[in-house]
Amino acid sequence: AYDRTVTVTANDAALSSFALGPNPASKVLRTRVQLTQNARVTCALFNLEGEIVQQQQRQGVAGELVEFVFDLTQMASSPYLARMQLSTGGQRVEPFVVRR
């Protein structure tokens, strides 16, 4: 059987460099994180129903500032969540708003 339990965890202090902007946004959202070690970086945008509406990922190296640019022109005006996740462990979630 599939376990549908959602584990709630606090934002990881290791991702304290995670930033996004502008907030509120209308056309694009930029997210970035400074890596302390080599990692696969995934950034996903979620609607408030918990569905992924956009996602990007790539490999990064220690010391690199990894940035993603999301096109918001097809997204409705609403609050959303951005989750930055590292393959080495840790994630951070930040809210943002799309306004038209």
Stokes-Einstein at 4 °C, 1.567 mPa s, Kirkwood radius from Cα pairs: D for the chain in µm² s⁻¹? 92 µm²/s
Among Pro22, Gly63, Leu86, whose Cα lies farthest out toward the positive end of the dipole of the chain, if unit charges sit on the beta carbon of Lys, Arg (+1) and Asp, Glu (-1)? Pro22
The chain - accessible surface per residue (Å², probe 1.4 Å): 62 Å²
Counting only protein heavy atoms with a 1.4 Å probe and every protein chain in place, the carbon and sulfur fraction of the accessible surface of the chain in whole percent equals 49 percent
Provide Rg over Rh for region 58-97; use the alpha carbon set for both Rg and the Kirkwood Rh (inverse mean inverse pair distance). 1.03
Is there a quick way to get the dipole size of the chain? I mean about its Cα centre, with the Cβ of Lys and Arg at +1 and of Asp and Glu at -1; what is the value in debye to the nearest 20? 220 debye
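The values are calculated or read from the model by the stated rules, or taken from the named source; none is laboratory data. What you see is a predicted model; the values in this text were computed from it and never measured. Glycine also receives a Cβ, built like all others from the backbone with ideal geometry; neighbour counts cover every protein chain displayed. Side chains included, ligands, DNA and RNA excluded: accessible areas come from the protein's heavy atoms. Shrake-Rupley method; radii C 1.70, N 1.55, O 1.52, S 1.80 Å.
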